[in-house]
Amino acid sequence: MNTSSTTPASRSSAANGAERRTRRIGFGGGLSSWDLKLSPYLYISPFFILFLIVGLFPIGYTAVISFMDWDLVRNSGTFIGFDQYATVISDPKFWVALRNTFSIFLLSSVPQLIAAIFIAAMLDQNIRAKTFWRMGVLLPYVMAPVAVALIFSNMFGDQYGIINTWLGAIGIEPIKWHSNAFASHIAIATMVNFRWTGYNTLILLAAMQAIPRDYYEAATVDGAGKVRQFFAITLPSLRPTLIFVIITSTIGGLQIFDEPRMYDQFGTGGANYQWLTITLWLYDIGWGQWNFGRAAALAWILFLIILAIGLINLLITRRLVRDEGSRSSLTRAQMRAARRDAKASVDADRAALRTNNPARTNETTEAVR
Amino acid sequence: MNTRALRRIGLIAGVATTSALVLAGCGGTSGGEATTDPNEKVELTIATFNDFGYTDALLAEYTKLHPNVTIVHNKAATSNDARANYFQKLGKTGLADIEAIEIDWMPEVMKYADLLAPVPDDLKGRWLDWKEEGATDADGNLIGYGTDIGPEGVCYRSDLFAAAGLPTDRDEVAALLEGDWSTYFELGDKYTAATGKAFFDSAGGTYQGMVNQLKAAYEDPSTGEITATTNSDVEDIYNEVLDASATQSAHLGQWSDDWFAGLSNGAFATMLCPGWMLGVISGNAPDVTGWDIANVFPNGGGNWGGSYLTVPANGANVAAAQELADWLTSPETQIMAFENAGTFPSQNDALTSDTLLSSTNEYFNNAPVGQILTDRANAVTVSPFKGEFYFQINDAMQKALTRVEDGTQDKATSWAQWVSEVDAIK
């Protein structure tokens, strides 16, 4: 109640605080102006406090540990500088793991997105039992990743796996799923695709349904076929959603763990590290060798890699979104310059007015706006 | 072998560091106050994994004798879960009064031996020599109460042996395999020549049986220095097993899906077989009638696996926990546990028990497994030294063997890669 009555006062308090303060109603006025300023932050604070405790603090603590030779049991360590980072980077396993991570990421994300767009486009048509099909594509997503990995690993057995049996039945040589690096990446990517294609399909389907139908009608009137409509209307309109899907699958892809971990009985990435991924190696260093200093260093390296790729994504996003959203023909620099000019003139006006008649400042700025 | 000399070195090292222990171990022996009130109510927690055979009925036997004690038994599903939990909480709070550990974690546990209450001296001698030796720290303290062991025999498929024209009776097979590893591989040659099929499951599993007979395979027991790459014994074993595996191995890595399938489909005719493996075989190949076990192990004896109970020194009821651990690992209790879960006892007196010696296994054509495994346990002479980096080195070696088996690399390349990996360990 108080709050609403003091709203105008607090809004203008910056300009002429002394005069307006007399309009304060009762004893709570001072408090409620603080209330007004602070409460928005207070309301969102639970998330940030929680993030501070379970997000930021561990990240910082990991950084501290990464400079140490850390003993988990005794909770102590000796400072050794960048040694852990140097050891990680100079280990050939790191580069193999990086290669595998990106290879599995590409093998899973690219076919997955193409399939997801295609399936979403099909589901966007007038088909019978729409809800059934739409829920159907989400079904694999309901399965636990470890369960998926267990079943697929069994199917991809080198000697008695069902896939090699099928291949044998049609006269193809059995594929060495566990000793050929590329074959193992395909097998793992298959698990990822199985689980995530449906999820991405639904997100893209939602975006497709938001495209105004008028576009399609107009295109049909103009004589564009289905394929042309798909490439000229559907795909461009999906761009912002695609960016979201690409970013989430990048983060997920670079942290891939469950599937390679369950791919053989040891979970250490294969005899020649054929499917050793960064997170898998990280886990092995931490929980297999109890070398938490080195694991922390690797975690930070992974963090920086994801950050770098995230930045690249962001740059691309910005460009695409600008193309999408801006209606004016001005470039960004021109727009910025125009804004700067406008602000400067407003400030000049305001300064001039303040010296003449402080009470009117408010209305004037309002008018300028 | 030079076991005795090494033991002497260990003794000297033990004496030399006793003074250090007195300083460091102040907290470690805080539970030594044996003057606990026998009527005081105590709740003891035990943490185990898989199945130790500690049923409620078995634990009730103890609480009947000690009415003041109540026991809470927590079971982890797998030893990996238990391992993560153990090292996260060791030296801090949250561990049970009695924590079970697997022999595989010993190198890591040894680093923190001062955080565990040692086994009282009067219990030394209860267990087989090599079982005790495996849990004795550098200061000569026994830190684990031995529970079970995994003495190894040779499991074989009598039906496949018959098809190859080899004897099928378990005593005849044992006589045939008496000798060192070359005898085993010679029989393998005969088998593969007759049938064209694989003789053993994998180079990795066989290598493990061979390397466990070395006193110090990878590290120098006195200095902890890594000697793996220059140890000619290791290289000899590596070459011997890979030469044989080229023709005799089914190339099925142990615990892989293919390997489990191989247990029942006859992909291989023999495998090295610790006592607990019998349950794995009968559980995964229930329809096969040919599996049998021979009372023999190439080149003497071998042990694979086994567990201990430990008492964390900072627990609330160390003295009471030690008393319970003592009872749980007594020969009589261990025999009860053996009847419950087939955990083969590591206690000297238990090995002469009639219950144990007369036990047979129906699945393995009524083989007298109690007698066989007891003989196998008595044949073990070596407790292999496993230092800080044992697992990293051994894991790299297993990968090296697999690389050759699956055709990724040849023998020499794979060995060279192993050497460079071991050199990088620090």
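In this structure, is A:Pro46 at pLDDT below 90 and surrounded by fewer than 12 Cβ atoms within 10 Å (Cβ to Cβ)?
Judged against the criteria, A:Pro46 is not a match.
Restricting attention to region A:52-81 and to residues that are within 11 Å of chain B (Cβ to nearest Cβ) and assigned to a loop (DSSP other than H, G, I, E, B), the residue that is nearest to B:Tyr86 (Cα to Cα) turns out to be A:Val73. When you check A:Ala232 against the structure, is it surrounded by fewer than 18 Cβ atoms within 10 Å (Cβ to Cβ), closer than 27 Å to A:Ile312 by Cβ and assigned by TED's automatic domain parsing to the domain that holds A:Leu280, yes or no? Considered against the rule, which asks whether it is surrounded by fewer than 18 Cβ atoms within 10 Å (Cβ to Cβ), closer than 27 Å to A:Ile312 by Cβ and assigned by TED's automatic domain parsing to the domain that holds A:Leu280, A:Ala232 comes out as no.
Only one of the listed residues (A:Ile59, A:Ile49, A:Ile53) is within 29 Å of the chain's Cα centre (by Cα), under 30 Å from A:Arg294 (Cα atoms) and touching a residue at least 40 places away in the same chain (Cβ under 8 Å). That residue is A:Ile59.
Restricting region B:400-417 to residues that are within 7 Å of chain A (Cβ to nearest Cβ) and assigned to a helix (DSSP H, G or I), the residue that is nearest to the chain's Cα centre (by Cα) is B:Thr402. The set of residues in region B:221-242 being touching a residue at least 12 places away in the same chain (Cβ under 8 Å) and out of contact with any helix residue (DSSP H, G or I) (no Cβ under 8 Å at 6 or more places or on another chain) consists of B:Gly224, B:Asn231, B:Asp233. Contact map, region A:220-240: first residue small (Gly, Ala, Ser), second residue surrounded by 12 or more Cβ atoms within 10 Å (Cβ to Cβ), Cβ cut-off under 6 Å, separation 6 or more or different chains; pairs are A:Ser237/A:Ile211.
Taken over region B:355-399, the criterion of being free of Cβ contacts under 8 Å to residues at least 40 places away in the same chain and within 14 Å of chain A (Cβ to nearest Cβ) is satisfied by B:Gln392, B:Asp395, B:Ala396, B:Lys399.
The residue that is surrounded by the fewest Cβ atoms within 10 Å (Cβ to Cβ), counting only those in region A:254-273 that are away from chain B (no Cβ under 14 Å) and at pLDDT 90 or above, is A:Phe257.
Output yes when any residue across region A:274-284 is crowded, with 19+ Cβ neighbours inside 10 Å, over 30 Å from A:Ile80 (Cα atoms) and modelled with pLDDT of 80 or more, and no when none is. The answer is yes; a qualifying residue exists. Residue-level check: of (1) within 13 Å of chain A (Cβ to nearest Cβ); (2) over 19 Å from B:Trp415 (Cα atoms); (3) small (Gly, Ala, Ser); (4) under 23 Å from the mean Cα position of the chain (by Cα), B:Gly253 misses just (2).
Within the set B:Asp349, B:Asp423, B:Asp410, B:Asp354, the sole residue that is in contact with a strand residue (DSSP E or B) (Cβ under 9 Å, 6 or more places away or on another chain), surrounded by fewer than 17 Cβ atoms within 10 Å (Cβ to Cβ) and either among the acidic types (Asp, Glu) or within 23 Å of B:Gly224 (Cβ to Cβ) (or both) turns out to be B:Asp423. Inspection of region B:88-99 identifies no residue that is in a helix (DSSP H, G or I), among the charged types (D, E, K, R), within 14 Å of chain A (Cβ to nearest Cβ) and in contact (Cβ under 8 Å) with a residue 60 or more places away in the chain. Inspection of region B:41-56 finds a residue satisfying the criterion of being assigned to a helix (DSSP H, G or I) and at pLDDT 90 or above.
Of everything in region B:227-250, what is of a type in the set (A, V, I, L, M, F, W, C) and away from chain A (no Cβ under 14 Å)? Give them in sequence order.
B:Ala228, B:Val234, B:Ile237, B:Val241, B:Ala244, B:Ala246 - these are the residues of region B:227-250 that are of a type in the set (A, V, I, L, M, F, W, C) and away from chain A (no Cβ under 14 Å).
Checked against the criterion of being surrounded by fewer than 22 Cβ atoms within 10 Å (Cβ to Cβ) and among the small types (Gly, Ala, Ser), the candidates A:Gly288, A:Gly293 yield just one match: A:Gly288. Of A:Ala97, A:Ala116, all but one fail to be within 19 Å of the chain's Cα centre (by Cα) and among the aliphatic types (A, V, I, L, M); the exception is A:Ala116.
Quick grid of which residues meet (1) among the polar types (S, T, N, Q); (2) farther than 30 Å from A:Trp70 by Cβ:
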position	(1), (2)
A:His185	no, yes
A:Asn193	yes, yes
A:Gln209	yes, yes
A:Ala218	no, yes
A:Lys226	no, yes
A:Gln229	yes, yes
A:Ser249	yes, yes
A:Trp275	no, no
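Looking only at residues of region B:109-124 that are of a type in the set (A, V, I, L, M) and not in a loop (DSSP other than H, G, I, E, B), we find that the one that is farthest from the other protein chains (Cβ to nearest Cβ) is B:Leu123.
The test for being assigned by TED's automatic domain parsing to the domain that holds A:Ile186, on the phi < 0 side of the Ramachandran plot and in contact with a Gly (Cβ under 6 Å, 6 or more places away or on another chain) does not hold for A:Leu242.
Residues checked against (1) at pLDDT below 75; (2) farther than 30 Å from A:Pro236 by Cα; (3) assigned to a helix (DSSP H, G or I):
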| site | (1), (2), (3) |
| --- | --- |
| A:Arg318 | yes, no, yes |
| A:Ala333 | yes, no, yes |
| A:Arg340 | no, yes, yes |
| A:Ala344 | no, yes, yes |
| A:Asp347 | no, yes, yes |
| A:Arg350 | no, yes, yes |
| A:Ala359 | yes, yes, yes |
| A:Thr365 | yes, yes, yes |
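Hey, which of the helices (runs of 4 or more DSSP H) in region A:130-228, taking only ones fully inside, have at least 3 residues that are β-branched (Val, Ile, Thr) and either closer than 20 Å to A:Asp258 by Cα or within 14 Å of chain B (Cβ to nearest Cβ) (or both)?
A:145-155, A:162-169, A:181-209
Among the residues of region B:262-313, count how many are buried (at least 18 other Cβ atoms within 10 Å of the Cβ) and assigned to a loop (DSSP other than H, G, I, E, B). Total meeting the criteria: 13.
The set of residues in region B:39-81 that are without any contact (Cβ under 8 Å) to a residue 40 or more places away in the chain, touching a helix residue (DSSP H, G or I) at 6+ places or on another chain (Cβ under 9 Å) and small (Gly, Ala, Ser) comprises B:Ala57, B:Ala76, B:Ser79. Within region B:71-79, one or more residues are part of a helix (DSSP H, G or I), away from chain A (no Cβ under 11 Å) and either modelled with pLDDT under 95 or in contact with a Leu (Cβ under 9 Å, 6 or more places away or on another chain) (or both). Does B:Phe199 meet the test of being assigned to a helix (DSSP H, G or I) and of a type in the set (Phe, Trp, Tyr)? So B:Phe199 does not fit the description; no.
For A:Gln84, indicate whether it is in contact (Cβ under 8 Å) with a residue 40 or more places away in the chain, within 14 Å of another protein chain (Cβ to nearest Cβ), surrounded by 11 or more Cβ atoms within 10 Å (Cβ to Cβ) and assigned to a helix (DSSP H, G or I). So A:Gln84 passes the test.
The values are calculated or read from the model by the stated rules, or taken from the named source; none is laboratory data. In this text the structure is predicted, and so the values were computed from the model without any measurement. Note: ideal-geometry Cβ built from the backbone for every residue, glycine included; neighbour counts use all protein chains shown.
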